[in-house]
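The values are calculated or read from the model by the stated rules, or taken from the named source; none is laboratory data. Predicted model only: the values in this text are computed from it and were never measured. Cβ placement follows ideal geometry from the backbone for every residue including glycine, while neighbour counts extend to all protein chains displayed. To get the accessible areas, we keep the full protein, side chains included, count just its heavy atoms, and leave off ligands, DNA and RNA. Shrake-Rupley method; radii C 1.70, N 1.55, O 1.52, S 1.80 Å.
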Amino acid sequence: DLEKHYLALYIDGLHVKLKRDKKYKNECFYIILGLKEDLTREVVAIVSFPTESAQGWKQIFVSLKERGLESVGLIVSDGLTGLDNSISELFPSTPHQKCIVHLQRNIQAYVRREDKSELAEDIRKVLSPDKEDHTKEAAYDLLIETAEKWGVKYKSLEKYLINLEWQPYFTYLDYSIKVRRMIYTTNWIERFNRSARRTLKLRGAFPNEQSV
């Protein structure tokens, strides 16, 4: 059985070579890590569904509720397809923080290598987890300034930043500066992932989901 309440759920994926219909292909297995109220962590689920969807995430959350979960303080994840809709349906009062590390990687893909360092510094100013007076409004204003600055050289980057659904990336700014770095990325799950990757590398490929 699960805890009734978790301070946070962190969701991240690992790609595994899996056999289906006599063919080996990479599929993503999603790890859900729970931060308990005593500040210890536990893996609450490892799930696989080859195509992300709102219906798939809904089924996963329903299964967690069937195991005893009642409420979650915060959900931290990458921008997974359909996850927002499932959160709003099954945990309507739970905020969602999208991982800023994944966002930074996406943004870097829009510029040439020689511009990456300067762009990274500009994005760090937008995010600023350690500035106590940094607000969502200030972060958004800086985001637009950054978009306009880089749009002179990279129109596609400007369009990406202006059209970005920015609210889920700035959720951490609603929290105390003491915990912002703990909740604005999925890094808290990386320790488990590193261990899992070492084991997966030794095994190479797997004959079925259960073996994974």
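Could you identify the single residue in K178, K201 that is loosely packed, with under 11 Cβ neighbours inside 10 Å, part of a helix (DSSP H, G or I) and charged (D, E, K, R)?
Values: K178 fails: part of a helix (DSSP H, G or I).
Result: K201 is the single residue among K178, K201 that is loosely packed, with under 11 Cβ neighbours inside 10 Å, part of a helix (DSSP H, G or I) and charged (D, E, K, R).
Could you list all residues from region 181-193 that are touching a Phe, Trp or Tyr at 6+ places or on another chain (Cβ under 9 Å), part of a helix (DSSP H, G or I) and of a type outside the set (D, E, K, R)?
M182, I183, N187, W188, I189
Among the strands (runs of 3 or more DSSP E) lying completely within region 1-113, list those that include at least 3 residues that are β-branched (V, I, T).
41-48
Under 8 Å between Cβ atoms, which residue pairs at least 6 apart in sequence (or on different chains) link something in region 154-181 that is closer than 19 Å to K116 by Cβ with a partner that is open to solvent by 20 Å² or more (accessible area, probe 1.4 Å) and modelled with pLDDT of 95 or more?
Pairs that qualify, where the first residue is closer than 19 Å to K116 by Cβ and the partner is open to solvent by 20 Å² or more (accessible area, probe 1.4 Å) and modelled with pLDDT of 95 or more, are Y154/Y110; S156/Y110; L157/Y110; E158/E148; Y160/Y110; L161/I144.
Working carefully through the options L127, L74, L80, find the one that is open to solvent by less than 20 Å² (accessible area, probe 1.4 Å), in contact (Cβ under 8 Å) with a residue 60 or more places away in the chain and within 22 Å of Y10 (Cα to Cα). Even if it seems obvious, please write down each step before you answer.
Working: L127 fails: in contact (Cβ under 8 Å) with a residue 60 or more places away in the chain; L80 fails: open to solvent by less than 20 Å² (accessible area, probe 1.4 Å).
Going through L127, L74, L80 in turn, just one is open to solvent by less than 20 Å² (accessible area, probe 1.4 Å), in contact (Cβ under 8 Å) with a residue 60 or more places away in the chain and within 22 Å of Y10 (Cα to Cα): L74.
Please determine whether any residue of region 30-37 is over 25 Å from R194 (Cβ atoms) and free of Cβ contacts under 8 Å to residues at least 12 places away in the same chain.
Restricting attention to region 30-37, the residues satisfying the condition of being over 25 Å from R194 (Cβ atoms) are 37.
Within this subset, residues satisfying the condition of being free of Cβ contacts under 8 Å to residues at least 12 places away in the same chain are none.
The answer is no; no qualifying residue exists.
Does E148 satisfy the condition of being exposed (fewer than 13 other Cβ atoms within 10 Å of the Cβ), closer than 19 Å to C99 by Cα and not small (G, A, S)?
Details: exposed (fewer than 13 other Cβ atoms within 10 Å of the Cβ): yes; closer than 19 Å to C99 by Cα: no; not small (G, A, S): yes.
Taking the combined requirement at face value, the residue does not satisfy it.
Can D122 be described as in contact (Cβ under 8 Å) with a residue 60 or more places away in the chain and in contact with a helix residue (DSSP H, G or I) (Cβ under 8 Å, 6 or more places away or on another chain)? Write out each step before concluding.
Values: in contact (Cβ under 8 Å) with a residue 60 or more places away in the chain: no; in contact with a helix residue (DSSP H, G or I) (Cβ under 8 Å, 6 or more places away or on another chain): yes.
When the stated conditions are applied, D122 does not pass them.
What's the number of the only condition in (1) out of contact with any helix residue (DSSP H, G or I) (no Cβ under 8 Å at 6 or more places or on another chain); (2) assigned to a helix (DSSP H, G or I); (3) aliphatic (A, V, I, L, M) that I162 fails to meet?
Result: I162 fails condition (1) only.
Among the numbered conditions (1) of a type in the set (A, V, I, L, M, F, W, C); (2) open to solvent by less than 20 Å² (accessible area, probe 1.4 Å); (3) not in a strand (DSSP E or B), tell me where A120 comes up short.
(2)
Under 17 Å from S77 (Cβ atoms) and of a type outside the set (A, V, I, L, M): is that true of T185 in this structure?
Values: under 17 Å from S77 (Cβ atoms): yes; of a type outside the set (A, V, I, L, M): yes.
Judged against the criteria, T185 is a match.
Out of I107, I189, I need the residue that is modelled with pLDDT of 95 or more, open to solvent by less than 50 Å² (accessible area, probe 1.4 Å) and either of a type in the set (S, T, N, Q) or under 30 Å from I32 (Cβ atoms) (or both). Which one?
Result: I107 is the single residue among I107, I189 that is modelled with pLDDT of 95 or more, open to solvent by less than 50 Å² (accessible area, probe 1.4 Å) and either of a type in the set (S, T, N, Q) or under 30 Å from I32 (Cβ atoms) (or both).
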